[in-house]
Ligand SMILES: [Zn+2]
């Protein structure tokens, strides 16, 4: 049972208790208002923090004593940064995971193929990554996921099961779409905040918060992503951290197996 369902049941139980208890204590509608506000606050928190698995179970890290982590890059493919990022990852012999936006991948077919051919993993990050993605209805969300899934398949021949919710926000509607399509939701345990902090501050945060088993969130669209990633990879190497793919970290198949007729 999801955390959301448990909280809904607790809410109903509290309402019944309050109303039933009205025989024994002085009844006030304010109590209903208070617990409703509390319920709403919990639902908002559950939506915003993917790690809480509130509406949807997401893989955000693993518990391990081994110094292994996975690097993920969102919001690409980016015409300028992604090719340079691929060269850099080659230099370090590192395989990463790219959560691509369908609309961008459609314009960067060669780049998408290159990511795959170099042995990195591809994940679905919606088709438009629209600002109001989380307000879309079930059918629109389902289509966003399917369009990107199909596009990746047509260009690379792989059927990725990995999906990362845009902005890391989860809702009951998104959970339904992801579960119906049988996708695996991938979150993160370390958000670099590379899109809103200076490169120095980003690197400082990455270094201070890196833990064994972490899934790290970065973006190919960040202006200084090459420098940030190079410095981070050097630090990881110096500190004996091994960078593996999300599939290796989670010990999980993330692509649909090829079906032979
Ligand atoms: Zn994103």
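Each stretch of four or more DSSP H residues adds -39500 (n - 2.57); spread over every residue of the chain, this sum gives -15000 deg cm²/dmol at 222 nm. Set against the 2.2 N^0.38 Å expectation for a compact globular protein, the range 3-48 has a Cα radius of gyration ratio of 1.26. When you count the other C-beta atoms within 10 angstrom of each residue and take the mean per peptide, 85-91, 74-80 line up highest first as 74-80, 85-91. In the chain, the longest principal axis of the Cα atoms and the axis of helix 199-209 are about 70 degrees apart. Between residue 26 and residue 6, residue separation times 0.36 nm minus the direct Cα-Cα distance comes to 4.4 nm.
Working ranking of peptides 93-100, 50-57 by packing, defined as the average number of other Cβ atoms within 10 Å per residue, highest first, is 93-100, 50-57. Pairing the Cα long axis of helix 81-92 with the longest principal axis of the chain, what angle in degrees results, from 0 to 90 and rounded to the nearest 10? Relative to the chain, helix 81-92 is tipped by roughly 70 degrees. The range 198-261 has equivalent-ellipsoid semi-axes of 29, 15, 10 Å, by the square roots of 5 times the alpha carbon gyration tensor eigenvalues, sorted largest first. Set against the 2.2 N^0.38 Å expectation for a compact globular protein, the range 139-209 has a Cα radius of gyration ratio of 1.40. Diffusion coefficient (Stokes-Einstein, Kirkwood radius over C-alpha pairs, 20 °C, 1.002 mPa s) for the chain: 108 µm²/s, rounded to a whole number. Taking packing as the residue-averaged number of other Cβ atoms within 10 angstrom, the listed peptides 126-139, 190-203 run from highest to lowest as 190-203, 126-139.
The convex hull of the Cα atoms of the range 124-261, projected and averaged over all directions, covers 9.9 nm². Taking Cα atoms only, the orientation of helix 172-181 departs from the longest principal axis of the chain by about 50 degrees.
Values in this text are rule-based calculations from the coordinates and carry no lab data. This structure is a prediction, so every number in the text was calculated from the model and none was measured. Methodologically, a virtual Cβ is constructed for each residue, glycine included, from the backbone with ideal geometry; neighbour enumeration extends over all protein chains shown.
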